[in-house]
1. Where nothing but the Cβ of Lys and Arg (+1) and of Asp and Glu (-1) is charged, how large is the charge dipole of the chain around its Cα centre, in debye to the nearest 20?
2. With a cut-off of at most 11 other beta carbons within 10 Å, and DSSP calling the residue loop, which trypsin sites (Lys or Arg not before Pro) in the stretch 11-86 qualify? Please list them.
3. Dividing the convex hull volume of the alpha carbon atoms of the stretch 337-416 by its residue count, what do you get in Å³ per residue?
4. Rounded to the nearest 10 degrees, what's the angle between the helix 264-288 long axis and the longest principal axis of the chain, both from Cα atoms, 0 to 90?
5. Taking the inverse of the average 1/r across all pairs of different Cα atoms in the stretch 258-359, what Kirkwood radius in Å do you get?
6. What's the exposure ranking of 519, 88, going from fewest to most Cβ atoms within 10 Å?
7. Given a Förster distance of 35 angstrom, what is the FRET efficiency for residue 454 paired with residue 239, based on the Cβ-Cβ distance and rounded to 0.05?
8. When the Cα atoms of the stretch 400-516 are enclosed in a convex hull and the volume is divided per residue, what value in Å³ results?
Amino acid sequence: MDSTFDITLQIILTVIAGVSAQVIAEFLRLPGIVFLLLFGILLGPSALGWLRPSLLGNGLEVMVSLLVAIILFEGGFSLELKDLGRVSTSLRNLVTIGTLVTLLGGGMAAHWLSEFPWGIAFLYASLVVVTGPTVITPLLRQVKVDRQVATLLEGEGVLIDPVGAILAVVVLDTLLNSGAEPLSVVTGLLLRLGVGAAIGIIGGLVLSVFLKWEVFLSEDVKALTVLAGLWGLYGLAQTIRSESGLMAAVAAGIVLRASDIPEERLLKRFKGQLTILAVSVLFILLSADLSLPGVIALGWGGVLTVLCLMFIVRPINIGLCTWQSDLNWRQKAFLAWIAPRGIVSASVASLFSILLTQRGVSGGDAIKALVFLTIILTIVVQGLTAGPIANFLQITSKQATGVVIVGCNPLSLLIGRLYSEQGEAVALIDTNPEFAQQAEAENLRLFVSSALETDVLEEAGLFYTGSFLAITANGEVNRVVAQKATEEFRPPRVVAVFPREKQVTTDKKPLNIEQAFHSQVSLKSWNQYLMDGAVKLGETVIQAEKLELQKAHIQSLVDAGSLLPLVVNRNSMLQVVSAESSLQVGDRLIYLLHDPKPKLLKALSGSGKPRLVVEKLSEVENLPAEMSSNSDDSSESASETVLNR
């Protein structure tokens, strides 16, 4: 069997193993890198021996370089500049001060605990200053933490990767040329960053202009054009200044995303798929090339070094970098816990190991072994516990509170008041300035503007808000603004009132957007009931022994048009009721009940419309049948709840 066929089989086996690992990870909802490492080690020379990356020769280094460029470009392309602005100070600190803290702390730990010489110890520390989007991004897809924390982790992972890679090259140059002046070391670092950033920014702008103005390329060719442009910028930067290509890849991705190019979704999907393939291939090859005896030889000193990096250096890092931020202690604790290392650490460590061996410097294999031990421990410990830790700290996106409501009308004002009285933030958006006085009477913020303006949504607080409700009289407008809110801000809960004639069709309904209240809600009717005072505001608690009876009776009243479920108080948080949601035991359902009796009393007495308060009406499941036919007879009200101001 010739060597060419051997190499072909190696590539085929690598791709099959990588994709299989990703499939299993998706099925088990675990970080994919866990299975990539496991499969790579199992198939490598240290176990089954089916994969031998050494057969690739110099091709391994070429593959690593080009695939890492794709990964970093995709990370930059995924970043939202407006999101980064929210955490700009903390993110800048993590990329600068945090890098220095990890370099010093990791170097001292490797020297004192693993007994590495100072030069080798700091080279190891320079390799593990990075976290990496290849681990962070899949982790955050599975663990839905609040937006501020997610943005900070993603931004750190993307921006620190090229900085860490270049820093590692500078440290390596210093190690191999021990007589280098400190000034030349700093100059080399800044020069590489500057050259890479300049080429990436200019190239990204040129590429975005081309994609905006061309009219002859198909969508598939556009995606390939971006790939060719990326590798061209990477090669140009590497030619001008070695190791500046990674920074060029990140800068080009950020610029291209900020340029609002056509078919951005298609390009993002293509780059995402390509990145998954790149990560799968790289991790399989690099972990297969790992020597398990070398990792075991590190002993407890290596384990203690990694634990020190995780539980001492990282918390100090986060504490210093977020000292004056508006993050609470729960968010900071999660940031201190999550810092898994990824593909850049592994790939650069593998290349350095080869280079140090070629230059006759001992310690290359030990560095690679300790870096992979760091990757394994951080991924296993932090990756597998991220979900429980986020739930324990109560920073998941599902626990975000508050609501942004598009459309100012009697119903939206009532819902806003309910949220406000619960102590949650409320903001309304409407283009009609005449509603300002009504909103002010309820102590609610009203933004007189279009909800299609991103800046308005951001100012209204959608970045941190748990719910978004589109409730204008125009169902198509609701559909569009809800879709925009989902794409731009990704709030945990998005509900909207869709056009009634299209509510039963799901093919046109935007992804992750739910129908508000129920499938046949008539906003016009319920707003008129509210203006006429022909409603009561009631509350009922869903009980375990009456669950099915309560749900059935509520549904019958909803179908009859007599009852409109508004919000559910679940775990001390309000949620707008949607057609897709289901009541649970312990829920406190607040609803509107069509009751013409108050309207009749108002007409007889001539008094003004009383303020609606939540009343303990007789339990919903026991409401008289005539209520469903809008009879003048209604249930007697009892004591008001704490929502009555």
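1. I would put it at about 540 debye.
2. Working: sites: 29, 82, 86; in loops: 29.
Those satisfying the criteria are 29.
3. 113 Å³
4. With both axes taken from Cα atoms, the answer is about 40 degrees.
5. Radius from the Kirkwood sum: 17.5 Å.
6. Lowest count first: 88, 519.
7. The computed FRET efficiency comes out at 0.35.
8. Numbers: hull volume 10.4 nm³, N = 117.
Taking only Cα atoms, the stretch 400-516 has a hull volume of 89 Å³ per residue.
Throughout, read-outs are computed from the coordinates displayed, never taken from laboratory work. Since we're looking at a predicted model, the values are computed, not measured. Neighbour counts are summed over all protein chains in view; Cβ atoms, including those assigned to glycine, are modelled from backbone coordinates with ideal geometry.
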